[in-house]
Structure formats: structure tokens, C-alpha cells
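Heads up, the thing below is written out as C-alpha cells.
The values are calculated or read from the model by the stated rules, or taken from the named source; none is laboratory data. Since the structure is predicted, the reported quantities are computational estimates derived from the model, not experimental observations. In this analysis, Cβ positions are derived from the backbone assuming ideal geometry, glycine residues included, and neighbour counts consider all displayed protein chains.
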Amino acid sequence: MADGLGLPTSRLDVDFAYYAPALNTGPTTQGAADAEELADPLARKLMTAWLEELGAPQPVTQGALTLPLRHAFSWVAEKFSLDGRLTQLFIQLFFREVASYLRTDDDPARLAAREEVAARIAQHRPHVVIAHSLGTVVTYEALHAHPELHVDLLLTLGSPLALPRAVFDRLSPRPSGPSIPLGARPAGVTRWVNIADPGDPVAIPPRLARAFNGIALDLTDSIHETYGFHHAKYYLSCAATAATLGPYLGA
């Protein structure tokens, strides 16, 4: 952030909500057998919805439910010109955590992750809350669950909040509306800005504001030339983030 803003780090007062332990409570296996595994049926179901949204061919999406995942990994890596091994590791970790969080509305892991974020916001009382990737889902739900928390700016980066069937339809509170379901800016948030790299395979479908009321700006910014288009550090240092944060820091 400091690099993007052109400011010394001393100008930034930052706290961090770490909820990963709540979502990774079981044993971790490693090795050749694990390289193609996504044993959790919900994780595979969510990944299949994601592949369909990306436009994967039918054999890839059908196979993701029942077959070794090498075809899905290869298809995504080829589509986005990514390193195959990194893509595989990313997909495995991402969908395991997403499934752990979204399993049920009242799952203990979901509540624990959400309350960790809410507790940090309550303790630190920040003007700005920045959330990235699955963190945007956890933060969105935490702020809805705690309308007493007031935030001047919610900045979401690389967000999968609008991903149909995998994330959007599982949110708490459920998106609703008279004609089409829409999510909404949490009551305690004054301004919501979303930033997504156009090549980010997690931030789909593009244009979050089409699925949520109350987003002030829905920005597209190319944050990195290669695989970095979902990496938090590149989102934090990109020009769109600097322009969004500047007024809140007197920059």
C-alpha cells in the first residue's frame, strides 16, 4: 500500500484479521496422491459452478465432479496462460477454504471466521476496511451481522461475491429483490468500492455492482502482467487502490 501511495509505511496504521485457522482445522495431506484430490463433495460442486462461469467445456465441468482434476487444472492454466502447478495448488486451497466457510449458514467455522473479522474491526475501529478474495465474503457477512460497526470505506479486491451458485446464492443474508436477487452494502458502511483485474479468474462475473446495491465505484485495473492478477500485494499496490485510499490518508 505504501509503495502504491508513495508514502512512508509510518503513515499507515494497519491491523489484520487472520481467520484461516477457523477454516483449516483438519489434517493436511501432501504428496502425489494429494496432487489431484479435492475430496470434499461441496468443494468440487463449488469448483464446477466456477468452471461453468468461466466457460469451461462440458467434459471439464462434468469431470470435475467425478474424475481426477488434472483436466480442470490444465484447462484453467491454459485459458489464463498460467503455470500449471501453481494453478493446481491455488484451486485446491481456494475451494477447500470456500467450502469450509460456506458449508452451512450456521457452521461453526463460518461463524468463527466472521466473528474474528468483526472483533478486529470493533477493536481497531478503522476508517477503511480492505478485503481480498474469500476475505471479501467473510467481511461482507461480518459487517451485515454487526450493523453497529461503522466503516467509512469498504474496499473489496478480487472478490468472488457475485459468483452464482457457488458464493452469491449462499451469502448470509441471502440476496433478495422484487425482480432479481441483489446483495446490498452493509448498513454500517458509508462507501463501498470494488476493484478487479480484468483477467482475475476469481473475480467473476465481472462488474460486482450488477449484483449488489450500494457500490459507489466498480473499478477495473490491470494489477500485474502475469499470475499476479489475483495476488493481494499487487491489488494493494495498484493505481486504483492508491486513488481510492488517497483521500482517506490525506495523500
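Laid out as a table, the results:
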{"item": "Residue that is surrounded by the most Cβ atoms within 10 Å (Cβ to Cβ), among those in the stretch 85-132 that are over 12 Å from Y19 (Cβ atoms) and among the acidic types (D, E)", "result": "D107"}
{"item": "Test set (1) at pLDDT below 95; (2) not in a helix (DSSP H, G or I) - G228 fails condition number", "result": "(2)"}
{"item": "Test: A203 is in a helix (DSSP H, G or I), farther than 15 Å from V129 by Cβ and not polar (S, T, N, Q)", "result": "no"}
{"item": "Unmet criterion (only one of (1) outside any helix (DSSP H, G or I); (2) buried (at least 19 other Cβ atoms within 10 Å of the Cβ); (3) at pLDDT 90 or above) for D15", "result": "(2)"}
{"item": "Top-ranked residue of the stretch 142-154 - restricted to ones that are more than 18 Å from I195 (Cβ to Cβ) and surrounded by fewer than 24 Cβ atoms within 10 Å (Cβ to Cβ), ranked as farthest from the chain's Cα centre (by Cα)", "result": "E148"}
{"item": "Any chance S74 is in a helix (DSSP H, G or I) and more than 22 Å from L12 (Cβ to Cβ)", "result": "yes"}
{"item": "Within the stretch 145-180, tally of residues that are within 21 Å of R207 (Cα to Cα), of a type outside the set (F, W, Y) and part of a helix (DSSP H, G or I)", "result": "2"}
{"item": "Failed condition for N24, given (1) over 23 Å from the mean Cα position of the chain (by Cα); (2) surrounded by 11 or more Cβ atoms within 10 Å (Cβ to Cβ); (3) modelled with pLDDT under 90", "result": "(1)"}
{"item": "Whichever residue in the stretch 131-144 is part of a helix (DSSP H, G or I) and among the small types (G, A, S) and, among such residues, is farthest from R185 (Cα to Cα)", "result": "G135"}
{"item": "Set T220, T190, T241, T156: member being modelled with pLDDT under 95 and of a type in the set (V, I, T)", "result": "T220"}
{"item": "Which listed residue is out of contact with any strand residue (DSSP E or B) (no Cβ under 7 Å at 6 or more places or on another chain), assigned by TED's automatic domain parsing to the domain that holds F168 and of a type in the set (V, I, T), from I223, I215", "result": "I223"}
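A quick yes/no check of all residues on (1) free of Cβ contacts under 8 Å to residues at least 24 places away in the same chain; (2) part of a helix (DSSP H, G or I); (3) on the phi < 0 side of the Ramachandran plot; (4) of a type in the set (V, I, T):
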| position | (1), (2), (3), (4) |
| --- | --- |
| L89 | yes, yes, yes, no |
| L93 | yes, yes, yes, no |
| S100 | no, yes, yes, no |
| D106 | yes, no, yes, no |
| A113 | no, yes, yes, no |
| A118 | no, yes, yes, no |
| V129 | no, no, yes, yes |
